[in-house]
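Bear in mind that the values in this text are calculations on the coordinates, not laboratory data. Keep in mind the model is a prediction, meaning the values are calculated, not measured. So basically every Cβ, Gly included, is an ideal-geometry build from the backbone, and we count neighbours across all protein chains shown.
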Amino acid sequence: MTGMSDGRPILGGATVRRMRTSDVPAVAELEGVLFAEQPWSARMLTDELTLPGRYYLVAVGGAGGTASGGAIVGYGGLADFGVEAHIMTLGVRTDWQRAGLGGRLLAGLLAEADRRQVHQVLLEVAVDNAAARRLYTRAGFRPVGVRKGYYEATGTDAVVMARG
Ligand SMILES: CC(C)(COP(=O)(O)OP(=O)(O)OC[C@H]1O[C@@H](n2cnc3c(N)ncnc32)[C@H](O)[C@@H]1OP(=O)(O)O)[C@@H](O)C(=O)NCCC(=O)NCCS
């Protein structure tokens, strides 16, 4: 991160770009921290990148924000299934949270759904994940259902949210 303002990182140094296979180890490490109870493995992330209709972004921070320099501080993925698209994952490194980066990544994924003219976008979010639910609500998502025990590791229910 390049600096702090009001306890939050300044985002001037973060660059959002498409995820590459070479980013997978860093993304998997971040995934392991953010989703410690049920993280996606490096293998799963690599497989995701090769599947049709996938669009994954990373946020690169620090070192002036050059794509070649800084660390991966956020990531997110969209899967286009034709009639609908899903937000597959979204995460921001703890020390970069609450500074607009999650919103920026989500906006990038939704812009891609719009480019593909897939206007129905769905996602699952843990019922107790207030931060993510608020972020999605602010981005225009509304709850449309509940999947009981969706997160197997904890038995936590997921709220299904939809946009469009
Ligand atoms: C959810 C997550 C991606 C948000 O990333 P972020 O970069 O902090 O999000 P933003 O700074 O863009 O926040 C946008 C809005 O989301 C809401 N929000 C984000 N973090 C919040 C928090 N801790 N508490 C309450 N609201 C929060 C707020 O409405 C915020 O807007 P505001 O700061 O103007 O009030 C991040 O908290 C994260 O990685 N969490 C762990 C992984 C996770 O749960 N991912 C979602 C899985 S479905």
Scan the chain and hand back the longest stretch that contains none of the GluC sites (Glu not before Pro) lying in DSSP loops with at most 10 other Cβ atoms within 10 Å.
38-151
Sites excluded, chymotrypsin sites (Phe, Trp or Tyr not before Pro) in DSSP loops with at most 15 other C-beta within 10 Å, longest stretch of the chain:
82-164
Report, to two decimal places, the Cα Rg of the chain normalised by 2.2 N^0.38 Å (N = number of residues).
1.01
What nm distance separates the two modelled labels at Ala36 and Phe81, each placed 7 Å from Cα along Cα→Cβ?
3.1
